[in-house]
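Working notes, beginning with the structure itself.
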Amino acid sequence: MRLEHRTDPPLKPHLFRLFMHQVVRSEIVGFYRAGALEVVVGFLPDPARNAVELWMICRPGVAPFLPGLVRLARLTIARLTDAGTIVTATVREGHRPGARLAALLGMRKVAAAAGFETWEGKP
C-alpha cells in the first residue's frame with residue numbers, strides 16, 4: 001500500500017507523520033454519501049490512561065448531516081465513558097468549529113497549552 005501526502009494546503013512533513021501515526025493506530029469509521037467519503041472518525045487508544053482520543057475529519061458541506069453524526073458520536077462516547085474510559089479530543093486553540101463540535105459531543109475543555117485545547121468526556 002502506498003500512502004500519498006496530498007492535502008490542500010499541504011501539511012508540513014512533521015504534521016503528516018503525526019497524522020499518519022494517529023491514523024494507523026486508530027479504530028476508524030468512514031461515512032459515505034453517494035459513494036463519496038464525507039467524514040472520517042477515529043478513536044486512538046491510550047491504554048496507559050484507560051482513554052481514547054476522538055478525532056474527526058469532515059469535508060465541506062457536511063453540515064446537514066451533522067445532527068445524525070453528533071448523535072451517533074454522543075452514543076459512542078456514552079458507551080465508552082459508562083465502561084470507565086476517558087474520551088479526549090484535541091482542538092487547535094481558536095478553532096471555533098472544533099470547539100463547537102467538542103461541546104456538542106458533551107465534552108468540556110480541561111486544559112490549553114502550546115496552541116491546543118484538550119476537551120474531555122469523563123466516566
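Every number here is computed from the coordinates shown, using simple stated rules; none is lab data. Since the structure is predicted, the reported quantities are computational estimates derived from the model, not experimental observations. For neighbour counting, all protein chains shown are included, and Cβ atoms are generated from backbone atoms with ideal geometry for every residue, glycine included.
Quick notes on this structure:
- Note on Ala51 and Phe65: their simple-model spin labels are 3.0 nm apart, each label 7 Å out from Cα toward Cβ.
- Working note: 222 nm ellipticity from helices only, DSSP H runs with n ≥ 4, each -39,500 (n - 2.57), summed and divided by the residues of the chain, gives -10000 deg cm²/dmol to the nearest 500.
- Met20, Met107 arranged by Cβ crowding within 10 Å, fewest neighbours leading: Met20, Met107
- Mean Kyte hydropathy of -0.5 or more with a Cα span along the axis of at least 20 Å, helices from DSSP in the chain: 66-82
- Computed about the Cα centre, the dipole magnitude for the range 26-121 is approximately 320 debye when only Lys and Arg (+1) and Asp and Glu (-1) carry charge, each at its Cβ.
- Computed E for Ile28/Ala114 - FRET, C-beta separation, R0 41 angstrom, nearest 0.05: 0.95
- Choice from Val24, Val39, Val52 with maximal GNM fluctuation in the chain (Cα, 10 Å cutoff): Val24
- Between the labelled values [x] 29.5, 92; [y] 14.7, 40; [z] 17.2, 53, the entry that holds Rg and Dmax of the Cα atoms in Å as derived from this structure is [y].
- Remark: spin-label model distance Ala36-Arg92 equals 2.2 nm, labels positioned 7 Å along the Cα→Cβ axis.
- 13 Å beta-carbon shell around Asp82, net charge (K/R +1, D/E -1): +3
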